[in-house]
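First comes the structure, then the notes that go with it.
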């Protein structure tokens with residue numbers, strides 16, 4: 001687990017900044033005698049894996065706010081051309097298996113994006129090698145082993161740094177609602193604001209993914225069983241929804257639609 005979220009965010013920020021600085025300073029074309037194409041492909045995998053793994057550790061340690069967990073990130077999805085997915089040898093040939101000329105907009109949560117980075121099956125960088133602009137990292141193609149038969153995400157690097165990495169590094173938990181059972185089962189719902197009621201935190205937390213909702217349900221069950229209460233004092237998901245409807249609250253972050261790549 002990560003004990004201090006701010007230092008993990010600093011690590012992510014410095015790693016991404018170091019990568020961009022190294023890439024900007026690199027001469028192009030490269031010197032003869034070195035396989036620099038493979039080198040920079042490895043550097044891309046290294047930096048994306050660092051962002052994915054550290055962010056997922058922050059999520060597991062409850063160091064990401066419920067607001068960011070529920071946020072949706074708009075990306076491009078290239079659908080698969082047929083029922084044949086790439087294998088471990090052919091995965092770099094993205095255009096052979098995916099219709100990159102027929103992309104559509106979709107949205108994913110931070111949790112899904114990080115899981116795809118950590119468990120990536122297709123992770124192919126695309127560079128711009130214009131001689132007057134040196135070497136530029138334009139975008140990358142991403143699909144996990146689970147998603148490779150449906151499509152591949154096309155993610156612009158500059159957008160990823162600004163929107164995703166920027167959101168992670170700027171995320172700041174100022175208040176936390178937490179309960180713990182005698183056997184050590186706990187749940188922490190951190191928020192960017194002090195005045196967020198429990199039902200709103202529950203809605204945002206459960207909107208992130210089915211795994212979050214299952215985790216919340218397991219906590220309520222453990223709380224009720226271990227402490228011998230007829231029911232948990234925390235709201236169920238249905239009660240949180242009912243309270244949302246009663247108040248007429250609206251949220252800028254919404255759960256995924258059934259047509260999107262993420263299956264919540």
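At a glance:
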| quantity | calculated |
| --- | --- |
| The range 84-124-the range 184-236 distance, computed between alpha-carbon centres (Å) | 33 |
| Pairwise FRET efficiency - residue 61 versus residue 198, Cβ, R0 = 30 Å, nearest 0.05 | 0.90 |
| Among 197, 79, 92, residue whose mean-square fluctuation peaks in a GNM of the chain (springs only between Cα atoms under 10 Å) | 197 |
| Calculated [θ] (222 nm, deg cm²/dmol) that DSSP helices of n ≥ 4 give over the chain, each run adding -39,500 (n - 2.57) | -12500 deg cm²/dmol |
| Using a Förster distance of 25 Å, the FRET efficiency for residue 188-residue 156 (Cβ separation, nearest 0.05) | 0.15 |
| Listed peptides 228-238, 9-19 by packing density, highest first (mean Cβ within 10 Å) | 9-19, 228-238 |
| Ellipsoid semi-axes in whole angstrom, largest first, where each is sqrt(5λ) of the Cα gyration tensor of the chain | 39, 21, 16 |
| Protection-proxy order for peptides 159-165, 200-206, 173-179, each taking the mean of Cβ atoms within 10 Å per residue, highest first | 200-206, 159-165, 173-179 |
| Diffusion constant of the range 175-247 at 20 °C, which comes from Stokes-Einstein with the Kirkwood Cα-pair radius and 1.002 mPa s, µm²/s | 169 |
| Full-stretch length increase - residue 88, residue 179 - with 0.36 nm per residue and alpha-carbon distance subtracted | 28.3 nm |
| Distance between modelled label sites at residue 24 and residue 39, nm, 7 Å Cα→Cβ extension | 2.0 |
| Gained length - residue 15 relative to residue 167, 0.36 nm times residue gap less alpha-carbon distance | 53.2 nm |
| C-alpha long axis of helix 5-25 to longest principal axis of the chain, angle in ° | 10 |
| Mean Cβ count within 10 Å, highest first, over the residues of peptides 82-88, 142-148 | 142-148, 82-88 |
| Pairs of alpha carbons in the range 114-235 whose separation is greater than 18 Å (percent) | 68 |
| Linear extension gain, residue 244 paired with residue 214, 0.36 nm per residue minus alpha-carbon span | 8.8 nm |
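Each value in this text was obtained by applying a stated rule to the coordinates, not by laboratory testing. From a predicted model like this one, the values you see are computed outputs, not experimental measurements. Note: ideal-geometry Cβ built from the backbone for every residue, glycine included; neighbour counts use all protein chains shown.
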